[in-house]
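Engineer: Take this structure, written in structure tokens, and hold onto it; I'll ask about it next.
The values are calculated or read from the model by the stated rules, or taken from the named source; none is laboratory data. Only a predicted model underlies this, so the values are computations on that prediction, with no experimental measurement involved. Heads up, the Cβs are rebuilt from the backbone with ideal geometry, glycines too, and the neighbour counts pull from every protein chain shown. Note: areas computed on protein heavy atoms with side chains; ligands, DNA, RNA excluded. Shrake-Rupley method; radii C 1.70, N 1.55, O 1.52, S 1.80 Å.
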Amino acid sequence: MTHTHHNHSHGHGHHHAHHHGVQSFNKAFAIAVIFNFSFTVFQIIFALIAGSMSLLADATHNFGDVFGLVLAWGANWLLTRPARKRYSYGFKRTTIIAAIINALLLVATSAIISYESIYKLFHITQMNEKIVAIVAFVGIFVNGGTALLFMRGAHDDLNIKGAFLHLLGDAFISIGVVVAAIIILYTGWMWIDPIVGLLIVFIILWGTWGLLRDSVRLILDAVPRHVDEQSVQAYLEQFPGVTKVHDLHIWGLSTKEIALTVHLVMPEKKLSDADFCELNNILKDKFHIDHATIQVESGSLEHPCERSEVC
């Protein structure tokens with residue numbers, strides 16, 4: 001049985017671009033953390049002065065998000081660290097762990113906000129609507145502005161998507177708090193404040209569920225959601241000279257990179273370096289698979305591959 005190890009057709013350009021992307025998000029994280037943390041402190045002080053549940057809930061949630069941003073930032077930085085002997089894949093998996101912790105944090109914050117809001121529904125107190133409206137209005141710009149920093153990375157990196165969704169969610173929540181404060185100002189209906197708190201929770205949980213599901217999938221080495229395993233299998237089966245494909249595995253190395261290992265049975269011919277190049281390029285361009293390891297066998301009967309029975 002011949003083991004043919006593939007060559008990485010990664011080109012220097014791809015690698016450099018990837019690092020540059022991560023670097024530019026480090027700056028975005030720094031700006032987002034500084035602005036949001038300062039604003040959260042400001043928000044808590046005024047929520048206590050104004051006596052508003054919805055503003056305090058928004059502040060608590062914001063604080064959770066700042067913590068989430070710091071986690072995501074650290075994980076994003078670890079993507080740039082080189083691989084070591086023991087950690088041959090580098091520390092890429094940390095981005096998945098950060099996404100999970102982030103989602104769980106949001107669930108915990110939601111539970112606190114729900115409790116407080118329900119309590120306030122039954123113990124209605126006065127609040128200063130004008131302060132609440134002004135502070136939450138500032139929040140729309142702080143959260144919305146920092147969310148835009150992550151917009152372009154949100155569709156292809158789960159970790160950046162987590163940061164983007166949090167900040168965008170915060171901006172919408174601030175809009176809700178402003179509207180609620182204005183309604184209370186004109187009607188005097190104090191029960192609107194805790195109701196908005198509960199609405200905020202529903203919005204948070206709705207967004208968190210997808211993030212939690214995707215990150216749990218990644219940590220269990222499931223085939224990433226946007227990869228069609230059948231198409232990959234079909235592509236490899238029709239490759240010239242291949243009679244059988246087995247032991248195909250596709251999994252996420254990080255929230256950005258995907259790996260594949262596969263055994264190809266090729267009785268007539270072997271893969272040349274040019275073939276490996278072509279396979280790697282197609283897997284990268286068409287299926288977004290960055291790391292492929294391909295084992296070629298001639299399928300001889302006296303030395304069968306044990307893996308072909310298992311998989």
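Engineer: With respect to the numbered conditions (1) closer than 30 Å to Ala136 by Cβ; (2) modelled with pLDDT of 85 or more, which one is the sole condition not fulfilled by Pro194?
Structural biologist: Result: Pro194 fails condition (2) only.
Engineer: Related question: From Ile113, Ile97, grab the single residue that is open to solvent by 70 Å² or more (accessible area, probe 1.4 Å), assigned to a helix (DSSP H, G or I) and of a type in the set (Val, Ile, Thr).
Structural biologist: Values: Ile113 fails: open to solvent by 70 Å² or more (accessible area, probe 1.4 Å).
That would be Ile97, the only listed residue that is open to solvent by 70 Å² or more (accessible area, probe 1.4 Å), assigned to a helix (DSSP H, G or I) and of a type in the set (Val, Ile, Thr).
Engineer: I've got another one for you. Can you pull out every residue in the stretch 276-289 that is open to solvent by less than 10 Å² (accessible area, probe 1.4 Å) and either in a loop (DSSP other than H, G, I, E, B) or touching a helix residue (DSSP H, G or I) at 6+ places or on another chain (Cβ under 9 Å) (or both)?
Structural biologist: Listed by number, the residues that qualify are Leu279, Leu283, Ile289.
Engineer: Over 16 Å from Ser231 (Cα atoms) and either among the aliphatic types (A, V, I, L, M) or touching a Leu at 6+ places or on another chain (Cβ under 6 Å) (or both): does that describe Thr243? Don't jump to the end; show me each part of the working.
Structural biologist: Details: over 16 Å from Ser231 (Cα atoms): yes; either among the aliphatic types (A, V, I, L, M) or touching a Leu at 6+ places or on another chain (Cβ under 6 Å) (or both): no.
Criteria not met by Thr243.
Engineer: Further, regarding this structure: Would you pick out the residues in the stretch 229-262 that are buried (at least 19 other Cβ atoms within 10 Å of the Cβ) and among the polar types (S, T, N, Q)?
Structural biologist: Ser254, Thr255 - these are the residues of the stretch 229-262 that are buried (at least 19 other Cβ atoms within 10 Å of the Cβ) and among the polar types (S, T, N, Q).
Engineer: Still on this structure, I have one more. Is there a residue being open to solvent by less than 10 Å² (accessible area, probe 1.4 Å) and farther than 16 Å from Ala180 by Cβ anywhere in the stretch 124-142? Working first, answer last.
Structural biologist: Residues of the stretch 124-142 that are open to solvent by less than 10 Å² (accessible area, probe 1.4 Å), as a first pass: 132, 135-136, 139.
Right, trim to farther than 16 Å from Ala180 by Cβ and you get none.
No: zero hits.
Engineer: Can I ask one more? So which residues in the stretch 11-27 are modelled with pLDDT under 70 and under 24 Å from the mean Cα position of the chain (by Cα)? Spell out how you get there, then give the answer.
Structural biologist: Going through the stretch 11-27, the residues modelled with pLDDT under 70 turn out to be 11-24.
Listed by number, the residues that qualify are His14, His15, His16, Ala17, His18, His19, His20, Gly21, Val22, Gln23, Ser24.
Engineer: Which of the residues spanning the stretch 103-131 are polar (S, T, N, Q) and modelled with pLDDT of 80 or more?
Structural biologist: Step one: filter the stretch 103-131 for residues polar (S, T, N, Q), giving 109-110, 114, 117, 125-126, 128.
Correct list: Ser110, Ser114, Ser117, Asn128.
Engineer: From the residues in the stretch 118-159 that are within 29 Å of the chain's Cα centre (by Cα) and of a type in the set (Gly, Ala, Ser), which one is farthest from Val196 (Cα to Cα)?
Structural biologist: Looking at residues that are within 29 Å of the chain's Cα centre (by Cα) and of a type in the set (Gly, Ala, Ser), I get Gly153.
Quick grid of which residues meet (1) without any contact (Cβ under 8 Å) to a residue 60 or more places away in the chain; (2) over 21 Å from His291 (Cα atoms):
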| site | (1), (2) |
| --- | --- |
| Leu205 | no, yes |
| Leu212 | no, yes |
| Arg217 | yes, no |
| His226 | no, no |
| Val245 | yes, no |
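Engineer: Moving on to the next point. Go through (1) modelled with pLDDT of 85 or more; (2) farther than 19 Å from Ile203 by Cβ; (3) crowded, with 17+ Cβ neighbours inside 10 Å one by one and return the number of the condition Ala30 breaks.
Structural biologist: Only one criterion is unmet by Ala30, namely (3).
Engineer: Separate question: Restricting attention to the stretch 33-62, report how many residues are within 19 Å of the chain's Cα centre (by Cα) and either at pLDDT 85 or above or surrounded by fewer than 23 Cβ atoms within 10 Å (Cβ to Cβ) (or both). Don't jump to the end; show me each part of the working.
Structural biologist: Within the stretch 33-62, the first condition is being within 19 Å of the chain's Cα centre (by Cα), and the residues that meet it are 33, 61-62.
Pick out the ones that are also either at pLDDT 85 or above or surrounded by fewer than 23 Cβ atoms within 10 Å (Cβ to Cβ) (or both) and you get 33.
Residues that pass the stated criteria total 1.
Engineer: OK, next. Is there any pair with a first residue in the stretch 82-94 that is at positive phi and a second that is open to solvent by 70 Å² or more (accessible area, probe 1.4 Å) whose Cβ atoms are under 8 Å apart and which are 6 or more apart or on different chains, and what are they?
Structural biologist: If the second residue must be open to solvent by 70 Å² or more (accessible area, probe 1.4 Å), the pairs left are Gly90/Arg81; Gly90/Pro82; Gly90/Arg84.
Engineer: Same structure again: Specify which of the listed residues (Arg213, Arg217) is exposed (fewer than 15 other Cβ atoms within 10 Å of the Cβ) and outside any loop (DSSP other than H, G, I, E, B). If you could, list the steps in order and put the result at the bottom.
Structural biologist: Values: Arg217 fails: exposed (fewer than 15 other Cβ atoms within 10 Å of the Cβ).
Step by step, each of Arg213, Arg217 is checked, and only Arg213 is exposed (fewer than 15 other Cβ atoms within 10 Å of the Cβ) and outside any loop (DSSP other than H, G, I, E, B).
Engineer: Within the stretch 290-306, is there a residue that is touching a Cys at 6+ places or on another chain (Cβ under 7 Å), surrounded by 14 or more Cβ atoms within 10 Å (Cβ to Cβ) and either assigned to a helix (DSSP H, G or I) or at pLDDT 90 or above (or both)? Break it down stepwise before answering.
Structural biologist: Initially, the stretch 290-306 is screened for residues touching a Cys at 6+ places or on another chain (Cβ under 7 Å), giving 297.
Now restrict to residues that are surrounded by 14 or more Cβ atoms within 10 Å (Cβ to Cβ): 297.
This time we only want the ones that are either assigned to a helix (DSSP H, G or I) or at pLDDT 90 or above (or both), so: none.
The answer is no; no qualifying residue exists.
For every residue, the table says whether it meets (1) open to solvent by 30 Å² or more (accessible area, probe 1.4 Å); (2) in a helix (DSSP H, G or I).
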{"position": "Arg152", "(1), (2)": "yes, yes"}
{"position": "Leu165", "(1), (2)": "yes, yes"}
{"position": "Asp170", "(1), (2)": "no, yes"}
{"position": "Val179", "(1), (2)": "yes, yes"}
{"position": "Trp189", "(1), (2)": "yes, no"}
